[in-house]
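Okay, so here's the structure we're looking at.
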Amino acid sequence: MKKATDLLDFYRRTHDRIPDSITTEDLERGPRLMLIRRTQIVVAGVAAGLVVVLAFLFGMAMGGDEAEPETVAESLGITASWVIRVASYSDTKAGRANAKFLMSQLERMDLEDVSLHRIPSQNVLVVALGSWAKKPVRGGPVELLDTVRNLPDHRDNSKPFASADMWQIK
């Protein structure tokens with residue numbers, strides 16, 4: 001009985017003109033309502049939680065707890081790679097902001113393979129360019145290093161990355 005009065009009340013609130021009498025045809029032409037009970041919400045929440053737990057367990061069963069697979073370089077017997085270390089920042093909020101800003105500037109200049117390396121033992125972030133299996137002594141990587149060292153600061157024409165160097169990541 002309450003459902004019928006709720007429908008009538010809703011119908012009266014949503015229409016400007018209130019008719020003298022409302023028939024069932026009027027109610028059928030009106031907007032459709034969907035009622036959701038608290039028990040339905042609880043059942044849906046429990047089902048969603050079970051899906052998450054089962055997905056986690058399935059992932060663990062399929063090998064999700066194993067170590068990372070070795071990289072291509074490691075499979076070839078290469079245990080280190082070389083990059084150009086452009087700048088180092090402390091691993092703080094300000095340091096991360098500065099490193100991300102520098103990375104965006106280097107990417108905007110179309111320099112190759114801009115990356116950020118975190119060194120937890122020294123609490124340092126390193127902005128780097130490129131990646132080579134052996135220490136480059138001539139060719140493109142050395143020219144890239146010279147380009148980075150000669151980048152001017154637009155405020156005072158100093159060279160802020162003059163100390164950029166080849167760096168080995170182990």
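Within the range 119-151, the set of residues being part of a strand (DSSP E or B) and surrounded by fewer than 13 Cβ atoms within 10 Å (Cβ to Cβ) comprises just one member, Ile119. Out of all the residues in the range 86-100, is one or more modelled with pLDDT under 75 and not polar (S, T, N, Q)? No, the conditions are met nowhere in the range 86-100.
Just one of Glu28, Glu68, Glu74 is under 22 Å from the mean Cα position of the chain (by Cα), at pLDDT below 80 and loosely packed, with under 14 Cβ neighbours inside 10 Å; which is it? When all the criteria are applied, what remains is Glu68. The condition of being assigned by TED's automatic domain parsing to the domain that holds Trp82, within 17 Å of Ser90 (Cα to Cα) and of a type in the set (S, T, N, Q) does not hold for Ser158. Arg38 satisfies every condition listed in (1) surrounded by 10 or more Cβ atoms within 10 Å (Cβ to Cβ); (2) at pLDDT 85 or above; (3) not polar (S, T, N, Q) except (1).
The values are calculated or read from the model by the stated rules, or taken from the named source; none is laboratory data. Since we're looking at a predicted model, the values are computed, not measured. Note that each Cβ is placed from the backbone with ideal geometry, even for glycine, and that neighbours are counted across all protein chains shown.
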